[in-house]
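Trainee: Take a look at the following structure, please.
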Amino acid sequence: MQLSSSEVRPYLSPYLMGGWRQDEFELDSAVVEECSIRGQIRVKRFFEPGDGEFHLALPAAFIWIAQLAIIHGCWVHRLPRKSSEIYIRDIQLKCRRPIRSMPVIEFALTEIACKPVQGGSFHSGRIAIDRDAFVGRGRFVFPLAANETGASMSFPGGEALNGD
């Protein structure tokens, strides 16, 4: 059965249809190490859901996972600034319980391994948000220009990584 737009309209999520634009988060701090990054993300403003209580939605979680991956990649490769986009290969998250922490939520990317690939580096690591409320793994490619790759660059844990 084909439904018209007017027939599906009552089923549409106000958040997914544009409410997510009201969400505003900022990075309070980040602790970066060779194989990990932990970020404290502050909730500044959020779309008020039907129950009136904040919960972290997956679109915002994906954005901050990617932001922290970019920061970590820049730091590991000793870049002074973000110079290109990263390419997410996959992010897998299991949502064990709703995240209602306010105003700060801890994101952690750990066990980050990377290895050189043509045109950049391939990264893989574990994701944990708000004391394992959301857990998973992510993999991405961090492009590097020819002048950003050097013999002195380290690739922690690269030998055990599968870039497929």
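Trainee: Please give the number of the condition Ser29 fails out of (1) in a helix (DSSP H, G or I); (2) free of Cβ contacts under 8 Å to residues at least 40 places away in the same chain; (3) among the polar types (S, T, N, Q).
Mentor: Among (1) in a helix (DSSP H, G or I); (2) free of Cβ contacts under 8 Å to residues at least 40 places away in the same chain; (3) among the polar types (S, T, N, Q), the lone unmet condition for Ser29 is (1).
Trainee: Out of Ile112, Ile105, which single residue is of a type in the set (Val, Ile, Thr), at pLDDT 95 or above and either buried (at least 21 other Cβ atoms within 10 Å of the Cβ) or in contact with a Leu (Cβ under 8 Å, 6 or more places away or on another chain) (or both)?
Mentor: Details: Ile112 fails: at pLDDT 95 or above.
Just one listed residue meets the conditions, Ile105.
Trainee: Moving to a separate point now. Just checking, which of Ile41, Ile65, Ile91 is in contact (Cβ under 8 Å) with a residue 60 or more places away in the chain and part of a strand (DSSP E or B)?
Mentor: On the way: Ile65 fails: part of a strand (DSSP E or B); Ile91 fails: in contact (Cβ under 8 Å) with a residue 60 or more places away in the chain.
Exactly one residue qualifies, and that residue is Ile41.
Trainee: Going by the structure shown, is Arg78 more than 18 Å from Asp130 (Cα to Cα), in contact (Cβ under 8 Å) with a residue 40 or more places away in the chain and basic (Lys, Arg)?
Mentor: On the way: more than 18 Å from Asp130 (Cα to Cα): yes; in contact (Cβ under 8 Å) with a residue 40 or more places away in the chain: yes; basic (Lys, Arg): yes.
Against the criterion (more than 18 Å from Asp130 (Cα to Cα), in contact (Cβ under 8 Å) with a residue 40 or more places away in the chain and basic (Lys, Arg)), Arg78 qualifies.
Trainee: On to the next question. Quick test for you: out of Lys82, Lys94, pick the one residue that is farther than 23 Å from Lys44 by Cβ and either surrounded by fewer than 21 Cβ atoms within 10 Å (Cβ to Cβ) or acidic (Asp, Glu) (or both). So that I can check it myself, show each step before the final result.
Mentor: Values: Lys82 fails: farther than 23 Å from Lys44 by Cβ.
The unique qualifying residue is Lys94.
Trainee: Looking only at residues in the stretch 1-26 that are among the hydrophobic types (A, V, I, L, M, F, W, C) and outside any helix (DSSP H, G or I), which one is nearest to His72 (Cα to Cα)? Quick ask: steps written out before the conclusion?
Mentor: Of all residues in the stretch 1-26, those among the hydrophobic types (A, V, I, L, M, F, W, C) come to 1, 3, 8, 12, 16-17, 20, 25.
Now restrict to residues that are outside any helix (DSSP H, G or I): 1, 3, 12, 16-17, 25.
Details: Met1: 48, Leu3: 45, Leu12: 36, Leu16: 29, Met17: 31, Phe25: 19 Å.
For the stretch 1-26, the residue satisfying everything is Phe25.
Trainee: From (1) modelled with pLDDT of 95 or more; (2) in a helix (DSSP H, G or I), pick out the condition that doesn't hold for Pro59.
Mentor: Every listed condition holds for Pro59 apart from (1).
Trainee: Of all residues in the stretch 4-16 being closer than 21 Å to His55 by Cα and either of a type in the set (S, T, N, Q) or surrounded by 10 or more Cβ atoms within 10 Å (Cβ to Cβ) (or both), which is modelled with the highest pLDDT?
Mentor: So the first thing to find is which residues in the stretch 4-16 are closer than 21 Å to His55 by Cα, and the list is 11-16.
Among the residues that remain, those that are also either of a type in the set (S, T, N, Q) or surrounded by 10 or more Cβ atoms within 10 Å (Cβ to Cβ) (or both) are: 12-16.
Working: Leu12: 95, Ser13: 92, Pro14: 92, Tyr15: 92, Leu16: 92.
If we take residues in the stretch 4-16 being closer than 21 Å to His55 by Cα and either of a type in the set (S, T, N, Q) or surrounded by 10 or more Cβ atoms within 10 Å (Cβ to Cβ) (or both), then Leu12 is modelled with the highest pLDDT.
Trainee: Identify the single condition in (1) of a type outside the set (A, V, I, L, M); (2) within 16 Å of Trp64 (Cβ to Cβ); (3) out of contact with any Ser or Thr (no Cβ under 6 Å at 6 or more places or on another chain); (4) part of a strand (DSSP E or B) that Ser101 does not satisfy, given that it satisfies every other one.
Mentor: (4)
Trainee: Which residue pairs have Cβ atoms under 6 Å apart, sit 6 or more places apart or on different chains, and have a first residue in the stretch 101-115 that is over 20 Å from Val141 (Cα atoms) and a second that is of a type in the set (D, E, K, R) and surrounded by fewer than 20 Cβ atoms within 10 Å (Cβ to Cβ)?
Mentor: Pro103/Arg42; Val104/Arg42
Trainee: Within the stretch 115-138, work out how many residues are within 14 Å of Tyr87 (Cα to Cα) and either out of contact with any Gly (no Cβ under 8 Å at 6 or more places or on another chain) or not small (Gly, Ala, Ser) (or both).
Mentor: Selection size over the stretch 115-138: 6.
The values are calculated or read from the model by the stated rules, or taken from the named source; none is laboratory data. Nothing here was measured: the structure is a model prediction, and the numbers come from that model. Glycine gets a Cβ as well: all are built from the backbone with ideal geometry, and neighbour counts include every protein chain shown.
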